[in-house]
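Okay, so here's the structure we're looking at.
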Amino acid sequence: MSSTTGSSGPSPDVPDAPAGTAPPGASGIEMKVAAASPGSPGARPGRTAGGKAANPAYPSYLAYLSYLAGKLGGAVVSLFAVLVTSFFLFRIIPGDPVKAMTHGMPTSAEQLATLRRQFGLDQPLWRQFADYCVGALTGDLGMSYQFRAPVGELIAQKLPATLLLTGVAVVVYSALGLWLGTRSAWRHGGIGDRLNTGVALTLWSVPSFWLGLLLIITFSVGIGPVPGMFPTGGMESGGTSGAGYVLDVAHHMVLPVLTLVAVGYAQTLLVMRSSLLDEMGGDYLTTARAKGLRDDDVRRRHAVPNALLPTVTMVFINLGHVAAGSILVETVFSWPGLGGLFYQALSVPDLPLVQGLFVVFAGAMILMNLLADLLYPLLDPRVGR
């Protein structure tokens, strides 16, 4: 009987084993080594032919760059559409800006022609549009017909008041809507859910200017046993400084902020509630509970983050409204912001001022939507991959 312990080469009678498999009779260690060969399914990723380790995240990086380029391109196209719309839309408004500026004053035809030539209204429409686009891209929004001042300076003067009013309102109603929407969805069908949903639907359907007028009648003028406690309009009473000025502005902000919060939180609540209800039937929540996590941890760590995408979009859109403000609310409460300025410009019509405000409002919305799109992959890795 021949012994095989001393043989070092393969037997000529045994055929070569396929790559990635062990020959018959191989030991357990030899089978594991064969299974870990580069062609086998269980092999670890090795190095490429050039000697560099394979990077599985590299395709995802390229996919995100492609996603980013697409979103940036869409934002540029949207901004150009805003320029076109802002120029031609407001030129269909009936009325002659030059005659509106000289209303009530005796003006000859020569003087009207001089004013039209001064403001460039005697140029062909295509020439006016070209000059407008060049000026908008270079930051020159033109000269206001009504105020005889650069549009950019007028917007810069009114912007802080609008940012203060709508910024505070957006922060308050976004936090309130997210919190109440999460609570309502997690305990849907209960008394609290029905009450919150009913109040939100009612407030969402109420026009903001009408609600503002009701608040003025009730809490500014006073009705029945309720005395007038707040100013009817404006941003300050005057004659104050320091801490007194801050308290005076806060006193004037109560009713307009309450109006914006009452309408805004309802929309955020309903969207968050609907999104979270869609996530509550997921198997991953059942798995999280099976692992022994508390109900609050399941909601906070698993359900809410996955339900945030639609709500994040709404929050960023609301942040875009911070620049626009609320035209109707600012007009009702005589708030000296961009909303009231837009109303004044529209009544003339003051075309450069209306166009400039429209570009600022729409540009803020485009920017906030772009930031929301860039934030999505951080909340959900499936987006942009």
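The values are calculated or read from the model by the stated rules, or taken from the named source; none is laboratory data. Fair warning: this is a prediction, and the values are worked out from it, not measured in the lab. Every residue, glycine as well, gets a Cβ built from its backbone with ideal geometry; the counts of neighbours run over all protein chains shown. In case anyone asks, the SASA skips ligands and DNA or RNA and just uses the protein heavy atoms, side chains included. Shrake-Rupley method; radii C 1.70, N 1.55, O 1.52, S 1.80 Å.
Quick notes on this structure:
- Segments 313-319, 138-144, 121-127 sorted - mean Cβ within 10 Å per residue, highest first: 313-319, 138-144, 121-127
- Think of a 1.4 Å ball rolled over the protein heavy atoms: region 122-177 then has 54 Å² of accessible area per residue.
- With all protein chains kept in place, the per residue accessible area of region 233-278 amounts to 42 square angstrom at a probe of 1.4 angstrom.
- Relative contact order [Cα under 8 Å, 6+ residues apart], region 131-193, whole percent: 14
- Solvent-accessible surface (1.4 angstrom probe) belonging to Met280, in square angstrom, nearest 10: 50
- Per residue value of the accessible surface for region 285-326 (all protein chains in place, 1.4 Å probe), Å²: 49
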